Ligand SMILES: Nc1nc2c(c(=O)[nH]1)N[C@H]1C(S)=C(S)[C@@H](COP(=O)(O)OP(=O)(O)OC[C@H]3O[C@@H](n4cnc5c(=O)[nH]c(N)nc54)[C@H](O)[C@@H]3O)O[C@H]1N2
Ligand SMILES: Nc1nc2c(c(=O)[nH]1)N[C@H]1C(S)=C(S)[C@@H](COP(=O)(O)OP(=O)(O)OC[C@H]3O[C@@H](n4cnc5c(=O)[nH]c(N)nc54)[C@H](O)[C@@H]3O)O[C@H]1N2
Ligand code: SF4
Ligand SMILES: [Mo]
């Protein structure tokens, strides 16, 4: 009808075409958003089309299709807001910055520099993540900074660093996946979490690959598998031990590779010899026959790849569980070749870059270490400081929350995270954040964490800010702004410069645009493990993306690592004996079931963005608890009924969903909802001793129907 009228009036619609990149997961699919104003229309109509690119090959999932909806949402924050009692009142940027400067300075004068902490996120661009690290060390001069990637990539990152000498999510380009003849998908739900990558796996299957899934539940991902090992939550390290034992017994080792390119095999063999396969079957809930079938399929394939994600990694033994799988990769020499390798499937949009440039408590840019004198000297020089002026290492994300609770930290800046929903033991975290003398949250929305703040400052969305993001392959991509900032919102990196100025440290933060920040990041990363020196905005525009490490502007790599050597000084990878670790919390009479947590296709992390997209919110309006029909019957719960789930830390209420997809001893709740549906109110805060990852994937719970009678 409208179109006819236009034809009659002869007026053309006004089009605005925006080239952009999805803000959500680690694939970083490119897209084109078109805004179309018909003459006389009261609001524009948006269409979204995928744009060809190397990772997604021109695919886009429903989250990418609908991301513009949150970016344009009427609840976007457009001005700084200051708390007055229970209300928030708009204030000017000048006033907001003055307040931050005054409060942080006052707290630091009274309680010492470390009393102000910084909490970042893996959605931030490389430029903002880099500057956040610099902000903590140079503007605040505090040792306390960490970020949500601690909950995401820390286990795989530590395992990669220790085993290979480098942590870059995938050791191979995505285009290698269809070449693999056997694929192990351990604790990864690619179908819902990186949906646009699924065709790589279905292509492998068409090429004859045997796919093995390891997951306590059936998911869109396990459904493409030839063999599904429905492991007991938390028992992956033991299962991988079982697989290695069979490889050893069957003689399916690559002896030349083991002797030439790895170290530690003798100790590993001695350890495996002493393990008992029957016992492993008992512990893991996977039969000996299935363990054998999986190991033999993997060991006999000419090419093979192993992928792990949060199912294996978000455990109190996440670091060692990944190492157990890496033992298997190395014993068989299935790495550094077309179609053979390992992948830790990175989570957030910039989950890879976010962990390379200094948001982590012990890190400096370029994957340098804050406790290494040479690394400190390099960065101090780039930052125009003396190395002694840099603080030492702080503590991990949840441990920072413990310090907040203990009032050792009294002021905090949260940028790009919603910790009150995403931290384990969330009631404790909320209690802590309420005690802060001054909490500043930089966000697009009034998130559950922003609601606790003294000051909330508005940031630009993905369509409005320019910067680079590094996808799961280690490919650096440039996302250019395609819309002006909404209201008075500002880019994260700009806000950090503005605050630094108020703290009297402006001379270290003189940047006119994101590219200027990237230019400094290049130099800071030069010679480091994650070397971005050879990458420039100009190259990124011309080449679509560039893999790191990239030490010089003329250089490009194929994205396949370890073809000849590993990144340790001696060129060898490290094998290690791994225990059959048990979860930090076991079931008992009061808490008879295991709870595991994860994701659904339509929602993203704590849901702050996706719950504001009407098309996505409509797909999953509330949380749920998946349980087996036999479990439901024995707890007298019927499908669709509200269920109270209780752990040693608290309780939540969500809707019951009865399905044969899950193990009988386990229930599953997604993480995307806050308040009374926030699953982290009941998860366990126990941390992995090495990487400090919480065990989000196992705790002991009880369930009961909410209805009476
Ligand atoms: N739709 C959507 N996509 C996302 C995100 C999102 O929130 N929503 N988040 C992004 C981010 S930040 C991340 S980190 C990734 C996460 O990506 P994934 O790690 O793939 O996602 P999860 O659902 O957390 O966990 C994966 C699987 O682990 C299984 N699992 C649970 N416990 C265990 C266990 O003990 N052992 C094994 N082997 N498996 C277990 C779960 O049943 C689940 O199917 O996804 C990214 N993509
Ligand atoms: N139980 C359980 N808990 C989990 C997990 C699990 O599997 N189970 N997974 C963990 C994992 S893997 C992750 S990654 C964490 C993530 O948990 P969070 O860090 O809480 O992640 P988000 O929900 O993405 O929160 C990001 C916040 O930053 C805002 N934001 C988005 N983009 C930007 C930006 O560019 N700048 C700024 N300043 N703000 C922005 C969003 O609006 C949102 O409020 O949760 C962890 N928690
Ligand atoms: S959520 Fe991930 S897979 Fe989906 S469009 Fe965005 S980047 Fe691509
Ligand atoms: Mo994540």
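Values quoted throughout were computed directly from the atomic coordinates according to the rules given, and no laboratory measurement underlies them. Remember, predicted model here, so these are calculated numbers, not experimental data. Please note: Cβ atoms are built from the backbone with ideal geometry, for glycine as well, and neighbour counts cover all protein chains shown.
Summary of computed values
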read-out: Net lengthening on full extension, residue 427/residue 507 (0.36 nm per residue, minus Cα-Cα); value: 24.8 nm
read-out: Highest average packing first - 635-642, 67-74, Cβ atoms within 10 Å; value: 67-74, 635-642
read-out: Beta bridge orientation in region 2-71: antiparallel %, DSSP, nearest 5; value: 100
read-out: Order by protection proxy (mean Cβ within 10 Å, highest first), peptides 571-577, 539-545; value: 571-577, 539-545
read-out: 20 °C / 1.002 mPa s Stokes-Einstein diffusion coefficient of the chain, Kirkwood radius on C-alpha pairs, µm²/s; value: 82
read-out: Three-way shape label, region 593-708, alpha-carbon gyration tensor, a/c 1.5; value: oblate
read-out: The chain - mean residue ellipticity at 222 nm from DSSP helices (-39,500 (n - 2.57) per run, n ≥ 4, rounded to 500); value: -8500 deg cm²/dmol
read-out: Inter-part distance where region 562-601 and region 90-124 are each reduced to a Cα centre, Å; value: 37
read-out: Estimated distance in nm for a label pair at residue 660 and residue 36, the labels positioned 7 Å out from Cα along Cα-to-Cβ; value: 4.6
read-out: Fraction of antiparallel bridges per DSSP, region 154-344 only, in percent to nearest 5; value: 10
read-out: Rounded to 5, the percent of DSSP beta bridges in the chain classed as antiparallel; value: 50
read-out: Average Cα contact separation per residue, the chain, under 8 Å, 6 or more apart, as relative contact order %; value: 19
read-out: Shape of region 2-128, Cα gyration tensor, a/c cut at 1.5; value: oblate
read-out: Exposure proxy ranking, count of Cβ atoms within 10 Å, fewest first, for 63, 205, 181; value: 205, 181, 63
read-out: Segments 219-227, 83-91 sorted - mean Cβ within 10 Å per residue, highest first; value: 219-227, 83-91
read-out: Residue order, fewest to most surrounding Cβ atoms within 10 angstrom, among 298, 398; value: 398, 298
read-out: Cα gyration tensor shape of region 423-486, rounded if a/c is under 1.5, else prolate or oblate by comparing a/b with b/c; value: oblate
read-out: Order of 502, 323, 217 under a 10 Å beta carbon neighbour criterion, fewest first; value: 502, 217, 323
read-out: Spatial separation of Cα centroids for region 477-530 and region 338-389, in angstrom; value: 17
